[in-house]
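Just so you know, all these numbers are worked out from the coordinates, no wet-lab data involved. Note that the structure is a prediction, hence the values are computed from the model and not measured. Every residue, glycine among them, receives a Cβ derived from its backbone with ideal geometry; neighbour counts consider all protein chains shown.
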Amino acid sequence: MLQVNHLTRRYGDATALDDVSFEVRPGRMTGFVGANGAGKTTTMRIIVGVLAPTSGTVTWGGEELTTEQRRRFGYMPEERGLYPKMRLRDQLTFFGRLHGMTATQAHARATDLLTRLGLGERIDDVLETLSLGNQQRVQVAAALVHHPTALILDEPFSGLDPLAVDTMVELLSSELSPDLPVLFSSHQLELVERLCDDLVILSGGRVVAAGPVEALRDQEAPRYRVVVAEGGVEQLRSAGLTLLSTNGSEAVVEGNGQPADQLLDAVRRAAPVSEFSRVVRPLSQIYRDVIA
């Protein structure tokens, strides 16, 4: 497991990170979200050793992370680091060799990744001839080529069209193994919601929420959407049920600590019910609530 422990980073009188702690569990994708300047990139740079913390540690399996362990990580930086005049497959093969792969292994892995990313027909093209979105795909492949032990991606979906996003999501999902922890930052909350098992939210250099997505959703009392017969909404209100909103014959009812089956029984006693379903709290709402 990758753990960030009480990281603080200061630049003179400015504090970029203030006692940041969280964990990235193996076999799970952890979304790292926050506004510009919240400290996401600074944290990622410290994890991979590009930047030193003022205080705090990063541990791997309970022990402080070593340079050798960091070398086995896959890292996609915010500023892209590819060679513009080098051919795609040659470039990925080169990176694989730097990580100790044989030429044959690196060549085969590079070919496989580029093909799965939809760049099979351009495998021998020079990088600078590709669109920025396609260069982004190659950058992700460079982070994956050596079968990393952990994957740290800074805004991997930035600038990608919807089809390219789907391709990238499919690749990342297929590369996820029970032993691989994945941390990625993104401003696209709908993608984080689609992909992530766990979530870390930064605001002003501090962690304001962290944990499994479902646990963060459940911190608020559950809500249910009900559709009742005509006039039934007033009957729900008269029965003392907590209505958070209404629209015609629809209402959103707060659970108030009752199990779903008991709440449904209470709704049925008040009015005929045609629909009853849990309202899933969207990630965007969780985000707004914790940074408010």
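Could you tally the net charge around Val145, taking each other residue with its Cβ under 13 Å from the Cβ of Val145, Lys/Arg +1 and Asp/Glu -1?
Values: positive: Arg72, Arg89, Arg97, Arg109, Arg116, Arg137; negative: Asp90, Asp112, Glu175.
Counting the neighbours of Val145, the net charge comes to +3.
Using a Gaussian network model on the chain with a 10 Å cutoff between Cα atoms, which of Ala210, Ala110, Ala239 fluctuates the most?
Ranking Ala210, Ala110, Ala239 by mean-square fluctuation puts Ala239 first.
If you work out volume of the Cα convex hull per residue in Å³ from the coordinates, which of (i) 144; (ii) 161; (iii) 124 do you get?
(ii)
Please list the equivalent ellipsoid semi-axes of region 223-280, computed as the square roots of five times the alpha-carbon gyration tensor eigenvalues, in descending order and whole angstrom. Before the final figure, lay out each step's value.
Details: eigenvalues 44, 28, 22 Å².
Gyration-tensor ellipsoid for region 223-280: 15, 12, 10 Å.
With +1 assigned to the C-beta of every Lys and Arg and -1 to the C-beta of every Asp and Glu, and no other charges, what is the dipole magnitude of the chain about the Cα centre in debye, to the nearest 20?
Details: 29 positive and 37 negative charges, 100 e Å.
For this selection, approximately 480 debye.
Taking 7 Å along the Cα-to-C-beta vector as the label spot, tell me the Val208-Gln262 distance in nanometres, rounded to one decimal.
Going by the 7 Å Cα→Cβ label model, 3.3 nm.
Would you please name the trypsin sites (Lys or Arg not before Pro) within region 64-158 that are DSSP coil residues with at most 12 other C-beta atoms within 10 Å of their C-beta?
For trypsin sites (Lys or Arg not before Pro) across region 64-158 that sit outside H, G, I, E and B with at most 12 neighbouring Cβ atoms in 10 Å, the list reads Lys85.
Among Gln91, Gln139, Gln262, which one moves the most in a GNM of the chain with springs linking Cα atoms closer than 10 Å?
Sorting by GNM fluctuation, first place goes to Gln262.
Can you sort Met168, Met86 by how many other beta carbons sit within 10 Å, fewest first? Show your work: numbers first, answer last.
Numbers: Met168 22, Met86 14.
Ascending Cβ contact count within 10 Å gives the list Met86, Met168.
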